[in-house]
Amino acid sequence: MFQRIKRLRGRLVNRGRESGMRVIERADRWSFTGLEEVDTLRFDHAVTVVVTGGPERAEIRIETRFRLAAREVWELEPDGETASLAPVLPLLRQRVARLDVLKAGALELDLVGGASLTVPVSERYEAFTVAGPGQVLLVSMPGGDVAAWTS
C-alpha cells in the first residue's frame, strides 16, 4: 500500500511503506531516516558500506580518501594497502544514527556508539555514490556538487 506523505521542512524523495528508510531532500542536504544498522562491508578498489532500514537498503560506495573517527582518527585510502582498511571492520552491525549527503558534495555517517565516517569532496574524482533506497542515486561530483536521481 503506497501513500503520499507531506513534509513541512523538506521534500520526501521516496514514497512507500510506513516503516523503513526514507530520504528527505532539504535545502543543503539529503537526509536518510529510518536507519537501522551497517549490514555489509565490501572491499575492492573502493569501500562499500551497506546500511539497512526496514526492508530498504542504501549502498554507499567510497572511492576516494575518507576519514573514520572512533577511538582514534584515521585518514583511509580505499585503493591503498588492504590491511590499512582494518579500522573499518568494527562498523559492521553497528546501529546508524545519521546519514546525510550534503549538496556541496560530502557524506556524513554517524553511528550510535560515537564513530563517524566522513567523505569529503574530491577535486578530481567522484568521491562516493549512494544507491538506494529504491531508485535513489546520489553521486558526489568532482569539485563539489551532487548529481541526484531521486525518482
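Per 0.36 nm of contour for each residue apart, how much would the distance between L137 and E108 grow if the chain were fully extended, relative to their Cα-Cα spacing?
So the extension gain works out to 8.8 nm.
As a rough guide to protection, the peptides 59-66, 22-29 ranked by mean Cβ packing within 10 Å, highest first, stand as 59-66, 22-29. For the stretch 36-105, a Kirkwood hydrodynamic radius built from all Cα pairs, placed in the Stokes-Einstein relation at 4 °C and 1.567 mPa s, yields a translational diffusion coefficient of 101 µm²/s. Between R42 and L89, residue separation times 0.36 nm minus the direct Cα-Cα distance comes to 15.9 nm. Take each peptide in 45-58, 137-150, count the other Cβ atoms within 10 Å of every residue, and average; sorted highest first, the result is 45-58, 137-150.
Remark: spin-label model distance E123-R67 equals 1.7 nm, labels positioned 7 Å along the Cα→Cβ axis.
Only the coordinates and a few stated rules stand behind these numbers; no lab work does. Treat the numbers as computed from the prediction; the structure is a model and nothing was measured. Heads up, the Cβs are rebuilt from the backbone with ideal geometry, glycines too, and the neighbour counts pull from every protein chain shown.
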